[in-house]
Amino acid sequence: MILVIGATGLLGGEICRRLAATGRPIRALVRPTASETRVENLKALGVTLVQGDLKDRASLDAACQGTAAVITTASTTLSRQPGDSIQTVDLEGQVRLIDAAKTARVQQFIYVSFSHHIDVDCPLTTAKRTVEAHLKRSGLTYTILAPTFFMEVWLSPALGFDAGKGTAQIYGSGANKIGWISLRDVAQFAVDCLDNPAARNATIELGGPEALSPLEVVRCFEETGGRKFRVEHVPEETLNAQKAAAADPFQRTFAALMLSYAHGDSIDMRMTLQKFPISLLSVREYARRTVRA
Ligand SMILES: NC(=O)c1ccc[n+]([C@@H]2O[C@H](COP(=O)([O-])OP(=O)(O)OC[C@H]3O[C@@H](n4cnc5c(N)ncnc54)[C@H](OP(=O)(O)O)[C@@H]3O)[C@@H](O)[C@H]2O)c1
């Protein structure tokens, strides 16, 4: 039995789809407030649902009972309920889950963190690094996946990159390269890490097949769609000012993530792909699919 935490999210949902395709039994921790459609999608995959919350240790103890592995993608950055914060969920909740997994003698714990080049100080970076350290010290067999920016999130209208309208908001100069990765490929890594000696007590940085600067990404979309983009830059000074003036930990975190994007994050995947032969989605192919949609 594989327990997935964050299964009603984008990445966790994709992990469940891929796990279900392998025929493995899956249990997902869901909350009563989760999107009905996403819960129905999990049921249709044959996932066993258990109610719980990362803030509730007893629910985590029950969920971990009899599971061979735990995969956790949960985060409050985009999906949160009253009482959820980076401190109570991304940090303390994940630490609580590790402790519950240890008590239940889970054989492998897979934690989705983010790239170690995303290092601008902010509450989410503190949470991710604290959880990683706690997991490494726990004695559990661990795998830490550290992906860089997801193309489906950062090259989407939600973050100001709108291929339909031909507009792009770029954080910083747009000259520094990023190894944009598809969240579907991150999901495949999570599945391929299960019971895999190459993933035993490993931290794996994840990027796409090629690092491209945001301006190169725009050019790629322009070539694919046959039309010019209107590009707006948010200068680093503006992002630094936003971070300094942030009213809460979420705003501070978003400004820090945008600053990390401005600094760039190129990841050499050659060694990792020797151990995990996954065919990674390129930005050009993603652009083709987005422009066609
Ligand atoms: N976006 C990027 O570019 C990027 C890059 C690198 C790493 N990552 C990491 O990737 C991971 C997955 O992201 P995603 O896009 O799948 O996020 P998402 O779609 O926002 O999903 C978040 C999930 O966490 C669950 N959750 C939130 N608070 C919870 C709580 N108190 N107890 C239990 N579950 C809770 C949510 O459940 P509900 O549905 O009930 O709210 C949801 O299932 C995150 O850890 C993120 O930091 C993202």
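The values are calculated or read from the model by the stated rules, or taken from the named source; none is laboratory data. Here the structure is a predicted model, which is why all the values come from computation and not from measurement. No Cβ is skipped: glycine too gets one built from the backbone with ideal geometry, and neighbour counts run over all protein chains shown. Quick note on the areas: whole protein, heavy atoms, side chains included, nothing else; ligands and nucleic acids left out. Shrake-Rupley method; radii C 1.70, N 1.55, O 1.52, S 1.80 Å.
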TODO: Mind checking which aspartates and glutamates have their Cα closer than 17 Å to the Cα of LYS136? Skip sequence neighbours fewer than 8 apart in that chain.
DONE: ASP90, GLU92, ASP99, GLU205
Task: In range of the label at ARG80: residues from the stretch 118-159 whose backbone nitrogen is under 13 Å from the point 7 Å along Cα→Cβ - done: 123-125, 127
Open item on the list: Percent of Cα-Cα pairs more than 16 Å apart in the stretch 87-126, please.
Closed with: 46 percent
- [ ] Measure nothing fancy, just the Cα-based angle from helix 249-263's long axis to the longest principal axis of the chain, in degrees from 0 to 90, nearest 10.
- [x] 50 degrees
TODO: Rounded to the nearest 0.05, what FRET efficiency do GLU236 and ARG284 give with R0 = 22 Å and r taken as the Cβ-Cβ distance? Could you check?
DONE: 0.20
Open item on the list: If I build a Gaussian network model for the chain, linking alpha-carbon pairs within less than 10 angstrom, which residue out of ALA256, ALA241, ALA146 has the largest mean-square fluctuation?
Closed with: ALA241
Open item on the list: Give me the one-decimal nm value for the distance between modelled label points at ASP56 and ALA21, 7 Å along each residue's Cα-to-Cβ direction.
Closed with: 3.3 nm
TODO: Pull out a ≥ b ≥ c, the square roots of the eigenvalues of the alpha-carbon gyration tensor of the stretch 223-293, then state rounded if a/c is under 1.5, prolate if not and a/b is larger than b/c, and oblate in the remaining case.
DONE: oblate
Task: Proportion of all alpha-carbon pairs of the stretch 105-195 beyond 23 Å (%) - done: 37 percent
TODO: For the stretch 15-20, just list the computed ³J(HN,Hα) in residue order, Karplus coefficients 6.51, -1.76 and 1.60, θ = phi - 60°, integers in Hz, with x standing in for Gly and Pro.
DONE: 4, 4, 4, 6, 5, 4
Open item on the list: Mean-square fluctuation check for the chain, GNM, Cα pairs under 10 Å: which of GLY264, GLY23, GLY12 is largest?
Closed with: GLY23
TODO: Per residue of the stretch 132-143, in order, report the coupling 6.51 cos²θ - 1.76 cosθ + 1.60 (Karplus, θ = phi - 60°) as ³J(HN,Hα) in whole Hz, putting x for Gly and Pro.
DONE: 4, 5, 5, 5, 5, 7, 5, x, 6, 6, 10, 9
Task: For the stretch 154-201, diffusion coefficient by Stokes-Einstein and Kirkwood Rh (Cα), 25 °C, 0.890 mPa s, µm²/s - done: 182 µm²/s
Open item on the list: Working only with C-alpha atoms, what are the Rg and Dmax values of the stretch 153-266, expressed in angstrom?
Closed with: 16.4, 47
Open item on the list: Give me the 1.4 Å probe accessible area per residue for the chain, excluding ligands and nucleic acids, in Å².
Closed with: 44 Å²
- [ ] Quick one: which residues, 5+ away or cross-chain, put their amide H under 5 Å from the amide H of GLU205? H built at 1.01 Å from N.
- [x] ALA146
TODO: Just the number, please: carbon plus sulfur as a percent of the accessible area of the chain, 1.4 Å probe, no ligands or DNA/RNA counted.
DONE: 50 percent
Open item on the list: Rounded, prolate or oblate for the stretch 15-110? Axes are the square roots of the Cα gyration tensor eigenvalues, ordered a ≥ b ≥ c, and the cut-off for rounded is a/c under 1.5.
Closed with: oblate
Open item on the list: Over the Cα atoms of the stretch 1-54, what radius of gyration and what Dmax do you get, in Å?
Closed with: 9.7, 29
Open item on the list: Using a Debye calculation, one point per C-alpha and no hydration shell, please list log10 I(q)/I(0) for the chain at q = 0.13 Å⁻¹ in order.
Closed with: -0.92
